[in-house]
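Comments concern the structure below.
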Amino acid sequence: MNNSFACALVLAGGKGTRMHSESPKVLKTLLGESMLYYVYNALKPSLGENVFTIVGFEAERVEKAFPDMKDRFVLQAEQLGTGHALQMGWECIKQTESEYCLVINGDTPLIQEHIVADFLTAVQRDGSDISFVSITPDDSGEFGRVTRDENGQVAAIVEAKDYDESVHGPASGEVNAGIYCLKISAVESLLSKLTNNNKSGEYYITDLVDLAVESGMNVTAVNAGDSIDLMGINSPFELAQAESVLRLRAAEKLLNSGVTLHNWESVVVGPCVKIEPGVEITGPCEIYGLSVIARGSVVESHCRIVDSEIAEGALIKAYSHLEDAQVGRDCMVGPYGRLRPGAVMEEGSKVGNFVEIKKAVLGKGAKASHLTYLGDSEIGAGTNIGAGTITCNYDGVNKHKTVIGEGAFIGSNTALVAPVTIGKGALIGAGSTITKNVNDGDLGVARGKQVNISRTFKKS
């Protein structure tokens, strides 16, 4: 669809008091990404960058979360309702020179791109002045009720708290999903007529329907049945329900692409993650952010992987945590391995039980198999790091680097006090505290002299 046909206005100014949180509701996450992310993702294929967002509560936090959209936020300093939000964004809408404006709430993370595309296609076909999506859920909840006249034409949308059967008649079960498409030239004359004469004292977009009907405009509702994809999030329970839906969708997509999932109901994969066919994953497991896992890799249970790259044939054993790390071809991590930001494992290297790496490169075939901390380090190919080794990289003010050459052997329970360099093929005796450089091929030992003292025990 031509982007000049429609722009979009996302309503994201509310606090969401029923979420019981100090953060904006639209920044609440599902599978590691915010509600607002999912809405933008659904809009982009049809509308491109022609999307504006109304912000209000904690506006700076919302804007900071989406720096690429910094010029397309509109502040609603006072949150006086959806109609008021539309009024605040109207100048930006007109400047797009689009024919229509799609209005959508920012708390609908289940919305999918095909729903947006189908709705816009229906609007373009019907040429309505105002069109909105309606649904017929099992529970109408707090959705605005849709009323129709004797000819089946839309008569009004009445907010749930204002609905009175003695006035409006028996409820039909059809409710407003909160997604509108407004013909800009037609609706502009109606905006100034919105009032706040209701129980909430707010200006409602839904009142535009009444005004349009009174003016003889063409108002249509595109019914989407009982689709849960259009339902907004108003509570932690509803957030959890929506996340479950997204989790199952992601798992089904992976299974259909050729990824093997064991205990698949407990595998959690974020929407930006890329996993190639032939990968094998066992739940429970969480994979988020921009993580990439190449074919032939295996991820065992109870792992958490964030913004990390895992190459072909790698094995991530149980209970391992990876964040902003790179794992090379045929590497092994864990069990209970921890790779922190900046950790790089080159081909065939190994990080074993209770080993932590941060901002360090483990060279090809190098091994750190047990109980080790490697920070701000370069470890050469083929090096063996003994159990209990630590790089002492922080002096209380600055971080310092440890460099270990190829083929070195670091004995167990060694402390390497950075900055320090261990040469190629060097050997460090177990229990040493190394504070000076060790040349290629040399033996470095730094221990206190052992003293044995006889003890005499008296019987009581």
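Amide H to amide H, which residues 5 or more places from Gly278 or on other chains are under 5 Å from it, using H placed in the peptide plane?
Placed amide hydrogens put Val259, Thr260 under 5 Å from Gly278.
At a 1.4 Å probe, what is the % contribution of carbon and sulfur to the accessible area of segment 318-436? Intermediate values should be presented prior to the final figure.
Numbers: 2610 of 4990 Å².
After summing per-atom areas, the C and S share lands at 52 percent.
Once the other residues with Cβ under 12 Å from the Cβ of His262 are scored (Lys, Arg +1; Asp, Glu -1), what is the net sum?
Details: positive: none; negative: Glu265, Glu280, Glu300.
The answer is -3.
With a Förster radius of 41 Å, plug the Cβ-Cβ distance of Arg447 and Glu378 into 1/(1 + (r/R0)^6) and report the FRET value to the nearest 0.05.
Approximately 0.95, to the nearest 0.05.
Could you tell me the calculated FRET efficiency between Glu22 and Ser200, based on Cβ-Cβ distance and R0 = 25 angstrom, to the nearest 0.05?
My answer for the efficiency is 0.65.
Quick one, could you list the DSSP H helices from the chain stretching 24 Å or more along their long axis (Cα atoms) with average Kyte-Doolittle hydropathy of -1.0 or above? Let's see the in-between values first.
On the way: long enough: 236-257 (32 Å, -0.02).
Both cut-offs are met by 236-257.
Pull up all non-local amide H partners of Ile310: gap of 5 or more, or a different chain, and H-to-H distance under 5 Å with H placed in the peptide plane.
For Ile310, the qualifying residues are Val292, Ile293, Ala294, Val327.
Using all alpha carbons of the chain, what is the percent of pairwise distances in each 20 Å bin, ordered from the shortest bin to the longest?
22, 38, 25, 13, 3, 0
Percent of Cα-Cα pairs more than 13 Å apart in segment 1-43, please. Please report the intermediate quantities before stating the final value.
On the way: 562 of 903 pairs.
For segment 1-43, the share of Cα pairs beyond 13 Å comes to 62 percent.
When DSSP assigns beta bridges and you keep just the ones with both residues in the chain, what percent turn out antiparallel, to the nearest 5?
Numbers: 17 of 102 bridges.
Here the antiparallel bridges make up roughly 15 percent for the chain.
Tell me, what ³J(HN,Hα) does each residue in segment 276-281 have, in order and in whole Hz, if you take phi through Karplus 6.51 cos²θ - 1.76 cosθ + 1.60 with θ = phi - 60° and put x for Gly and Pro?
Using θ = phi - 60°, the values come out as 7, x, x, 6, 10, 10 Hz.
Using a basic spin-label model with each label point 7 Å from the Cα along Cα→Cβ, how many nm lie between Tyr163 and Lys424?
My value for the distance between the label points is 7.8 nm.
Over the Cα atoms of segment 249-313, what radius of gyration and what Dmax do you get, in Å?
Rg and Dmax of segment 249-313, Cα atoms, are 10.0, 26 Å.
Full-extension gain between Thr435 and His400, please, as 0.36 nm times their residue separation minus the C-alpha to C-alpha distance. It would help to have the intermediate numbers written out before the result.
Working: separation 35, 0.36 × 35 = 12.60 nm, distance 1.23 nm.
Working it through step by step, the gained length comes to 11.4 nm.
On a 1.4 Å probe surface of the protein chains, which of Tyr394, Tyr319 comes out largest in accessible area, and what is the full order? Can you show the working numbers first?
Working: Tyr394 130, Tyr319 100 Å².
Final ranking, largest accessible area leading: Tyr394, Tyr319.
Once the principal axes of the Cα atoms of segment 325-435 are found, what is the range along each, listed largest first in whole angstroms?
Principal-axis extents of the Cα atoms in segment 325-435, largest first: 34, 30, 20 Å.
Top to bottom by accessible area (1.4 Å), largest first, where do Lys94, Lys25 land? All intermediate terms of the calculation are to be shown ahead of the outcome.
Values: Lys94 70, Lys25 25 Å².
Of Lys94, Lys25, the descending order of accessible area is Lys94, Lys25.
Test of understanding: what is the full-extension gain from Ser215 to Leu290, defined as 0.36 nm times their sequence separation minus their Cα-Cα distance? Mind dumping the intermediate values first?
Numbers: separation 75, 0.36 × 75 = 27.00 nm, distance 5.03 nm.
So the chain would gain 22.0 nm between Ser215 and Leu290.
Given 0.36 nm per residue, what is the gain on full extension from Leu255 to Asp71 after removing their alpha carbon distance, in nm? Intermediate results must be reported in sequence, preceding the final value.
Working: separation 184, 0.36 × 184 = 66.24 nm, distance 3.93 nm.
Length difference between fully extended and current span is 62.3 nm.
The values are calculated or read from the model by the stated rules, or taken from the named source; none is laboratory data. Predicted model, so just to flag it, every value in this text is computed and none were measured. No Cβ is skipped: glycine too gets one built from the backbone with ideal geometry, and neighbour counts run over all protein chains shown. Side chains included, ligands, DNA and RNA excluded: accessible areas come from the protein's heavy atoms. Shrake-Rupley method; radii C 1.70, N 1.55, O 1.52, S 1.80 Å.
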